[in-house]
Number of protein chains: 2
Amino acid sequence: MSNLDEVVDFKSINNSCKSCHSAKFCLVQNLKDKDLMDFNSIVKRRKPLQRGERLFQSGDVFHSVYIVHSGSVKITIESSDGEQQITGFYFPGDLVGVDGFENSSHVYTVETLDTSSFCEISVKQFEAAAKKIPLLQQQFFKLISREIRHEQELMLLLGRMDSRRRLASFLVAMSSQLQAQGYSSHSINLSMTRHDIANYLGLAIETVSRLLTTFQNNDVLDVMRRNITIKDQRKLHGIAENRPEEECMLEKSA
Amino acid sequence: MSNLDEVVDFKSINNSCKSCHSAKFCLVQNLKDKDLMDFNSIVKRRKPLQRGERLFQSGDVFHSVYIVHSGSVKITIESSDGEQQITGFYFPGDLVGVDGFENSSHVYTVETLDTSSFCEISVKQFEAAAKKIPLLQQQFFKLISREIRHEQELMLLLGRMDSRRRLASFLVAMSSQLQAQGYSSHSINLSMTRHDIANYLGLAIETVSRLLTTFQNNDVLDVMRRNITIKDQRKLHGIAENRPEEECMLEKSA
DNA sequence: CGATGTATTGAACTCGATCAAACAGTGTGG
DNA sequence: CCACACTGTTTGATCGAGTTCAATACATCG
């Protein structure tokens with residue numbers, strides 16, 4: 001694929017919220033055609049980023065918010081002594097970058113998990129557009145609210161759940177994420193490493209690995225590297241919601 | 001104090017962002033007098049809530065956001081099996097209730113830690129006002145951004161820090177919270193119980209108690225029930241930031 | 001092929017939880 | 001005024017889930 005292809009692709013995509021298949025979960029959902037056109041003019045599509053590249057990082061000047069268009073990202077923050085915590089995984093239709101409003105600089109870092117592209121929305125232009133399109137404003141609040149809910153759920157997980165619940169909850173969330181996007185809800189193809197999962201869940205990588213094996217031995221999952229098949233949705237939900245009945249899990253034996 | 005007093009107090013306060021001493025940290029900071037008057041007309045001040053009362057709770061219909069005017073609150077969420085996690089403490093000038101935009105219902109519960117009052121802002125009216133007053137919109141985003149930053153920091157704490165760092169970080173945050181409000185930064189009068197602190201930090205109440213004693217024995221703090229005096233800011237920061245040098249802490253001995 | 005990054009498994013240890021009991025303030029009523 | 005209960009807090013002793021350290025397996029790629 002030549003550079004030329006890339007550029008052309010680029011231009012044709014640029015004004016295409018209408019043809020975007022994540023438009024139905026994203027900021028523009030429910031927007032009327034006319035408003036969509038208006039909004040489209042302020043959206044910039046950047047060249048896709050490769051796995052491991054950063055959309056922006058902690059401390060960067062804040063000028064835009066972004067919608068994930070394709071691929072997936074992790075959000076991380078760093079502590080004063082250099083340790084990192086992943087605070088979220090985000091997928092097509094999700095909004096990232098709202099952390100920048102407070103001090104005009106970003107507090108978290110957004111890094112791609114695979115090749116990913118983004119719709120960039122300049123804050124200045126957005127504020128003007130929001131004034132003209134009330135629904136856009138409302139949708140924006142909805143997406144922020146969704147980010148806040150994700151964070152609330154992660155805090156609950158990190159503060160109160162044991163390791164089994166954490167992993168089960170994570171898999172349930174991944175599953176319903178896929179379902180919302182129209183994919184199969186029982187076949188998960190993880191874009192993140194065990195290391196990322198462990199960090200996100202506040203666990204050691206070994207614990208995640210062991211739990212996956214245990215789940216597999218108890219016919220809850222089928223684990224093949226990054227491909228995970230949910231064999232028993234009911235049991236998995238049982239673990240995630242800590243329902244004692246379905247907790248008939250055996251150690252290490254099949 | 002009679003009922004009459006209460007009502008009068010009430011009315012006179014109602015249009016008084018100008019005279020409110022938390023106005024400089026809250027939504028209205030930097031607003032021009034004219035805009036302030038406009039905004040004032042859409043703000044409702046409710047009768048103060050007593051300690052333990054709820055401003056709203058998970059599942060309630062979402063119609064307003066609130067600024068804490070006086071007192072303090074905790075935000076909690078509940079897991080499917082009924083366990084609660086405190087995800088934040090909020091103080092005068094802070095915004096709560098932004099969790100409701102996603103599904104028009106609240107995901108978290110806001111409960112007062114002491115007698116507290118709130119400025120209620122109807123979402124519908126706010127959206128209209130924001131259109132007319134661009135700065136108001138910007139301030140609103142700033143406060144949301146602040147909430148997100150708080151959450152990011154708590155996730156980092158819950159995911160990566162050991163118990164000593166958690167407690168030290170909490171005290172540092174409380175201290176700078178007080179300082180920002182113009183109070184002494186080394187004399188903390190906690191409005192929350194040990195139980196709340198422990199829950200917030202993802203620890204057992206006994207662990208918090210033991211750590212407070214240890215800190216006291218090492219001349220970092222002076223603990224007298226809910227009154228905590230920071231005797232050694234440098235050391236406390238050292239623990240919070242995990243700097244090995246200042247970690248010369250002895251067990252159980254003075 | 002060896003080399004590298006990623007993942008699994010095993011064994012020992014540790015931090016913080018849990019269980020249990022005592023202690024300290026605060027109010028209540030006799 | 002003191003006995004009583006009640007709630008919140010401290011302290012002690014024990015235990016276990018999950019970490020850490022270490023070794024091995026596995027896949028991908030030069």
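No lab work stands behind these numbers, since they all come straight from the coordinates. In this text the structure is predicted, and so the values were computed from the model without any measurement. Every residue, glycine as well, gets a Cβ built from its backbone with ideal geometry; the counts of neighbours run over all protein chains shown.
Distance from the Cα centroid of region B:179-208 to that of region A:35-91 is 34 Å (rounded to whole angstrom). The GNM of chain A, with springs linking C-alpha atoms under 10 angstrom apart, assigns the highest mean-square fluctuation among A:182, A:93, A:59 to A:182. Placing unit charges on each Cβ (+1 for Lys and Arg, -1 for Asp and Glu) gives chain B a dipole about its Cα centre, and among B:73, B:145, B:195 the Cα reaching farthest toward its positive end belongs to B:145.
Using a ≥ b ≥ c from the Cα gyration tensor of the protein assembly as shown (square roots of the eigenvalues), is it rounded, prolate or oblate, where a/c under 1.5 gives rounded and otherwise the larger of a/b and b/c decides, a/b for prolate? Walk me through the numbers on the way to the answer.
On the way: a/c = 1.68, a/b = 1.09, b/c = 1.54.
Oblate is the answer for the protein assembly as shown, as a/c is 1.5 or above yet b/c matches or exceeds a/b.
Computed about the Cα centre, the dipole magnitude for the protein assembly as shown is approximately 960 debye when only Lys and Arg (+1) and Asp and Glu (-1) carry charge, each at its Cβ. Label sites at residue A:176 and residue A:138, each approximated as a point 7 angstrom past Cα along Cα to Cβ, lie 2.4 nm apart. Pairs spanning more than 24 Å between alpha-carbon atoms, out of A:32/A:74; A:32/A:132; A:32/B:131: A:32/A:74.
Of the residues B:126, B:106, B:36, the one whose Cα sits farthest towards the positive end of the charge dipole of region B:32-142 is B:36 (charges of +1 on Lys and Arg Cβ, -1 on Asp and Glu Cβ, taken about the Cα centre). Grouping the Cα pair distances of region A:108-178 into 10 Å bins from zero gives a pair-distance distribution of 15, 32, 32, 17, 4 percent in increasing distance order.
Its alpha carbons considered, region A:148-199 gives a radius of gyration followed by a Dmax of 11.6, 31 Å. Take every Cα pair under 8 Å whose residues are at least 6 apart in sequence, average their separation, divide by the length of chain B, and the relative contact order is 17 percent. Seen through its C-alpha gyration tensor, with square-root eigenvalues sorted a ≥ b ≥ c, region B:27-172 comes out prolate because a/c lies at 1.5 or above while a/b is bigger than b/c. Note down the nm distance, to one decimal, between modelled labels 7 Å out along Cα→Cβ at residue B:70 and at residue A:127. Calculated label separation equals 3.3 nm.
With neighbour counts taken as other beta-carbon atoms within 10 Å, the residues B:28, A:73 rank, fewest first, as B:28, A:73.
Annotation: peptides A:40-46, A:135-141, ranked by per-residue average of other Cβ atoms within 10 Å with the highest first, follow the order A:135-141, A:40-46. Using only alpha carbons, region A:27-106 has a radius of gyration to Kirkwood radius ratio (Rg to Rh) of 1.01. Of A:126, A:89, A:118, the residue with the greatest mean-square motion in the GNM of chain A, using alpha carbon springs below 10 Å, is A:126. For chain A, a simple Cβ point-charge model (Lys and Arg +1, Asp and Glu -1, everything else neutral) yields a dipole of about 640 debye relative to the Cα centre. Only helices enter the 222 nm calculation for the protein assembly as shown: every DSSP H run of n ≥ 4 contributes -39,500 (n - 2.57), and dividing by all residues gives -13000 deg cm²/dmol, rounded to 500. Among B:62, B:215, sorting on how many other beta-carbon atoms sit within 10 Å of each Cβ, with the fewest leading, yields B:62, B:215.
Output needed for chain A: three equivalent-ellipsoid semi-axes, defined as square roots of 5 times the C-alpha gyration tensor eigenvalues, in descending order, whole Å.
Values: eigenvalues 247, 78, 65 Å².
So the equivalent ellipsoid measures 35, 20, 18 Å along its semi-axes.
Counted residue by residue at 0.36 nm each, then reduced by the alpha carbon distance between them, the extension gain from residue A:46 to residue A:226 reaches 62.0 nm. Axis of helix A:123-132 versus longest Cα principal axis of chain A: the two differ by about 80°, to the nearest ten degrees.
For a test of the definition: using alpha carbon positions, the gyration tensor, and the 1.5 limit on a/c, classify region B:110-254 as rounded, prolate or oblate. Here region B:110-254 falls in the prolate category.
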